[in-house]
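This report refers to the structure that appears directly beneath it.
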Amino acid sequence: MTSSPRLPVDALMTVANRPDTVFTRGDGSWLWDEHGRRHLDLVQGWAVNTLGHAAPEIAAALAAQAGRVLHVGPGFHNDRAIALAGRLTALSGLDRCFFTNSGAEANEGAIKLARKFGQVHRGGAYEIITFEHSFHGRTLATMSASGKPGFDTLFAPQVPGFPKARLNNLASVEALVNANTVAVMLEPIQGEAGVVEATPGFLQALRTLCDSRGLLLVLDEVQTGVGRTGTWWGHDAAGVVPDIMTLGKGLGGGVPIGALLAREAVCCFAPGDQGGTYNGNALVCAAALAVVNAVDAPSFLPNVQARSHQLRTGLDRIGHRVGSPPVRGRGLLLALDLPGAGQALQVAETLRLRAETGVLVNAVRPQRLRLIPALNITEAEVALALAALEEAIP
């Protein structure tokens, strides 16, 4: 292990409480810090690094595209954006795609599209029913759409038009529908709420409700999309198709990109309604194409499902030992409740500072650990993670 001078961080604006560790290199499921100490990363940029750190497929795509063209601007087409849009629409069953720079921006675009649909087709309806404890981003509108506690006062006043229902409670949704309602928007699994799943029956009931009332069903797949749940989309388990779907995080595998997809009948933006200087630039679309191609390989999703089963089985064994309820989530978006007050925070810190090899997990709640590893994590790496968790959880 080599030693190096402490890297200064004072020039960074404080927006999060970060540990002193500074990472400088990654490879697959592993990160190395400035002192050469390695860490098994089960956070992966908060479900971003679909193929792990420094994925060779993404590196090759970026290098090749950087030598061709980076960006031609939103006023012209580029071949990488066209190719990526074609792949995503074919895989999703939706018809049109608009690229953004983040998941939050994709959700902002979904809100705009739904409201424009309300202006054109529903007499000016603008309200979008969202859910308690949901998380849709950090722009002013997506914070207002979110049901995360505290978001309603942090940058008050909120953007109006987002009444909150309760997840998996259809009556609470029905009670909010009125002449101003244009859409219902939710995550198939509420990630930031602690991996809380919308049941298949609830999603099916929402699809039926929206169809009967002429409303749009908007699914935020920023965290659950692109194979994270073991299938292409988090809503696949329910057998429904949304009117609008948003992507981010894992789509770029570490490169910032988001996407807004919609049915043809919903696509009512006129020229000038929506845009963005860097949206759909050729470089990030080339990287996202590499991710999509990797996830679409025949063995990829079966391996996600196998590693999910391995990880879930091990976590359930730990949970049974300490008296916890069954593991939450699907695919490689899983969470384990712990019985002690603040125990998840303590365990996450213990694992990070582990003597032999650090292990990075996310205490998404003080008593709940979230594990969101690379989708190509190996069987041996999952076994190592489980052994470390067994050791850290008394």
**OP:** List every residue whose amide H lies under 5 Å from the amide H of SER102, counting only residues 5 or more places away in sequence or on a different chain, with H placed 1.01 Å from N in the peptide plane.
**Re:** GLY258
Subject >> Förster radius 41 Å - calculated FRET efficiency between ARG263 and ASN169 (Cβ-Cβ, nearest 0.05) >> reply: 0.95
Original post:
Taking only Cα atoms, what is the 0 to 90° angle, nearest 10, from helix 300-322's long axis to the longest principal axis of the chain?
Top reply: 60 degrees
Subject >> Relative packing of 60-66, 328-334, 36-42, which averages over residues the other C-beta atoms within 10 Å, highest first >> reply: 328-334, 36-42, 60-66
Original post:
Nearest 10 degrees, 0 to 90: what angle lies between the long axis of helix 56-66 and the longest principal axis of the chain (Cα atoms)?
Top reply: 60 degrees
Original post:
Where does each of MET143, MET13, MET185, MET245 land when they are ranked from fewest to most other beta-carbon atoms within 10 angstrom?
Top reply: MET13, MET143, MET185, MET245
**OP:** Return the percentage of antiparallel bridges among DSSP beta bridges fully within segment 57-295, rounded to the nearest 5 %.
**Re:** 50 percent
Original post:
Quick one: Cα centre-to-centre distance for segment 325-394 and segment 215-244, in angstrom?
Top reply: 25 Å
Original post:
Restricting attention to the alpha-carbon atoms of segment 333-381, what are Rg (one decimal) and Dmax (integer), both in Å?
Top reply: 11.4, 33
**OP:** Go ahead and set up a Gaussian network model of the chain, Cα springs under 10 Å, then flag whichever of VAL195, VAL322, VAL347 fluctuates most.
**Re:** VAL322
**OP:** Given the peptides 217-224, 148-155, 112-119, arrange them by the average over their residues of other C-beta atoms within 10 Å, most packed first.
**Re:** 217-224, 112-119, 148-155
Original post:
For the residues TRP46, TRP233, TRP30, what sequence is obtained by ranking on other C-beta atoms within 10 Å, fewest first?
Top reply: TRP46, TRP30, TRP233
**OP:** Going by C-beta contacts inside 10 Å, put TYR278, TYR126 in order with the fewest on the left.
**Re:** TYR278, TYR126
Subject >> In Hz, Karplus ³J(HN,Hα) per residue of segment 333-350 (6.51, -1.76, 1.60; θ = phi - 60°; x = Gly, Pro) >> reply: 10, 10, 9, 10, 7, 10, x, x, 4, x, 5, 5, 4, 5, 5, 4, 6, 4
Original post:
Assigning unit charges at the beta carbon (Lys, Arg +1; Asp, Glu -1) and nothing else, what dipole magnitude in debye, to the nearest 20, does the chain show about its Cα centre?
Top reply: 200 debye
**OP:** Let me have the 222 nm mean residue ellipticity of the chain computed from DSSP H runs of 4+ only, each contributing -39500 (n - 2.57), with the sum over all residues rounded to the nearest 500.
**Re:** -10500 deg cm²/dmol
Subject >> Cα-based helix-to-principal-axis angle, 79-92 vs the chain, degrees rounded to 10 >> reply: 90 degrees
Subject >> GNM flexibility winner over the chain from ALA179, ALA16, ALA193 (Cα, springs under 10 Å) >> reply: ALA16
Subject >> Candidates ASP211, ASP20, ASP296, ranked by Gaussian network fluctuation over the chain, Cα under 10 Å, top entry >> reply: ASP20
**OP:** Output the pairs from LYS116/LYS148; LYS116/LYS249; LYS112/LYS249 with a Cα-Cα distance over 23 Å in this structure; if there are none, say none.
**Re:** LYS116/LYS148; LYS116/LYS249
**OP:** From zero up to wherever the largest Cα-Cα distance of segment 57-295 sits, split into 5 Å bins and tell me the percent of pairs in each.
**Re:** 1, 7, 15, 19, 20, 16, 11, 7, 3, 1, 0, 0
Original post:
In straight Cα distance, which aspartates and glutamates are under 16 Å from LYS164, not counting same-chain residues fewer than 8 positions off?
Top reply: GLU127, GLU132, ASP152, GLU174, GLU187, ASP220
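Rule-based calculations on the coordinates, nothing more; no lab input. Since we're looking at a predicted model, the values are computed, not measured. Cβ coordinates were reconstructed from backbone atoms using ideal geometry, including for glycine residues, and neighbour counts include every protein chain displayed.
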